Structures are given as structure tokens and as C-alpha cells.
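Written below as C-alpha cells is the structure these notes are about.
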Amino acid sequence: GRSASVFRRFWHCNSETAQPEAVYSAASPHHVTAKLCKMSPRGEEAGEATVEFVAMLVIILIPVAYFIFTVAALQAAVFASDAATRESGRLLANDPAGHVHVERQVNQIFTDYGVSGSHSLKVVCDPTPCSQAKFVNIEVRTQVTLPLIPDAMARVLNPTVPIVSSAQVPVNRIELVR
């Protein structure tokens with residue numbers, strides 16, 4: 001039989017122009033030794049992919065991280081406000097006049113959730129006075145300051161988000177029958 005010689009194309013770096021050029025050879029790719037070009041086939045853009053990747057990573061990563069911090073701060077305040085309202089309702093349902101215990105409980109809940117800043121508790125008994133109330137209306141308010149806002153911008157923008165949680169709780173009336 002007649003053996004046919006098959007030529008294959010390989011890329012070789014031209015040492016004079018530093019440009020890749022096609023070289024045709026019958027040898028296998030394992031036998032061809034060629035210098036690698038320091039430049040990409042596109043020309044002078046070698047190494048810019050890394051710079052572009054890092055730049056895009058920073059451009060995308062910073063807003064995403066800020067979004068995560070902001071959502072976490074808001075969610076913590078929502079959870080704290082909701083838990084404070086719920087626990088205040090439980091306490092006041094059993095003792096409608098026990099406002100002192102409720103204030104301490106609300107402060108402790110906000111501390112436990114790591115929410116700093118001001119919060120307020122509003123209790124309205126229906127009908128008044130609270131010792132005769134059938135329902136207790138509870139409202140917890142807080143202001144969440146958006147994270148990582150410089151003080152100079154904060155004075156101009158007022159970067160706070162109000163969080164309000166409210167509940168109406170029936171008062172437990174236990175009457176002893178003789």
C-alpha cells in the first residue's frame with residue numbers, strides 16, 4: 001500500500017513579528033516544538049482580561065454587597081418590631097396595666113436582634129382605663145438608618161426607613177365562679 005502523508009496545521013510564533021502564523025507539518029502535535037507568542041492573536045490586548053474581570057467584579061460586587069447589608073439591616077428591624085409587638089401583646093393580654101414590663105421586654109428584643117437606634121412603643125386600651133379594657137392595641141415603631149452612608153450625605157439625604165408593626169390583642173378575663 002501506498003501511505004498518504006497528511007499535513008496538519010499548527011500555530012507557531014514568528015520570532016521576527018511576534019505574530020502567530022500557521023505552519024503545516026506532517027508530524028504529530030507532540031513532535032512539533034514551537035515558541036509561544038507573548039501576545040494574543042488579537043494583538044496588544046494580552047492580559048487585559050484579568051483587568052477587565054477584576055474591574056467588573058468590583059463594579060458588580062460592591063452594589064451587591066451593599067444590597068445584602070441593607071436588606072439584612074431592614075429585615076432585622078422588621079423581625080425585632082414584629083417580635084416586640086407579639087410579645088407585648090402576650091404580656092398585656094394577661095396584665096393590661098403592666099406597661100413597665102412591656103417596655104423592658106421591647107428593649108430586650110431590639111437588643112437581641114442587634115437593632116440599634118430609636119424605637120417606640122404605643123399602647124392604647126379599648127375602652128380606657130386599661131384595667132377595664134377588652135382589647136389592647138399595640139404599635140411598635142422604629143427607624144432603620146441605611147448602612148454605610150457617610151455623615152455628610154446622611155444630613156442631606158436622611159437615609160432612614162420607618163418600620164411599623166401593630167397588633168390588637170383581646171384581654172384575658174378569668175372570673176372565678178363560687
Hey, any idea what % of the stretch 56-156's accessible area is carbon plus sulfur with a 1.4 Å probe? 64
Using the Karplus curve 6.51 cos²θ - 1.76 cosθ + 1.60 with θ = phi - 60°, work out ³J(HN,Hα) for each residue of the stretch 154-167 in order, rounded to whole Hz, and write x for Gly and Pro. 5, 5, 7, 8, 6, x, 10, 10, x, 10, 10, 10, 9, 7
Non-local amide H neighbours of PHE135 (under 5 Å, H modeled in plane, Pro and chain starts lacking H): which ones? ASP126, VAL171
Want the number for VAL164 to ILE60: 0.36 nm per residue separation, take away the alpha-carbon distance, what's left? 34.2 nm
Residue by residue, what Karplus-based ³J(HN,Hα) values in Hz, rounded to whole numbers, does the stretch 108-124 have, using 6.51, -1.76 and 1.60 with θ = phi - 60° and x for Gly and Pro? 5, 5, 5, 5, 4, 7, x, 9, 9, x, 7, 8, 9, 10, 10, 10, 10
Quick one: 3J(HN,Hα) in Hz for the stretch 64-81, Karplus 6.51/-1.76/1.60 with θ = phi - 60°, rounded, Gly and Pro as x. 5, 5, 4, 4, 5, 4, 5, 4, 5, 5, 5, 5, 4, 5, 5, 5, 5, 5
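The values are calculated or read from the model by the stated rules, or taken from the named source; none is laboratory data. Note that the structure is predicted; figures quoted are calculated from it, not measured. The area values use the complete protein model at the heavy-atom level, side chains included, leaving out ligands, DNA and RNA. Shrake-Rupley method; radii C 1.70, N 1.55, O 1.52, S 1.80 Å.
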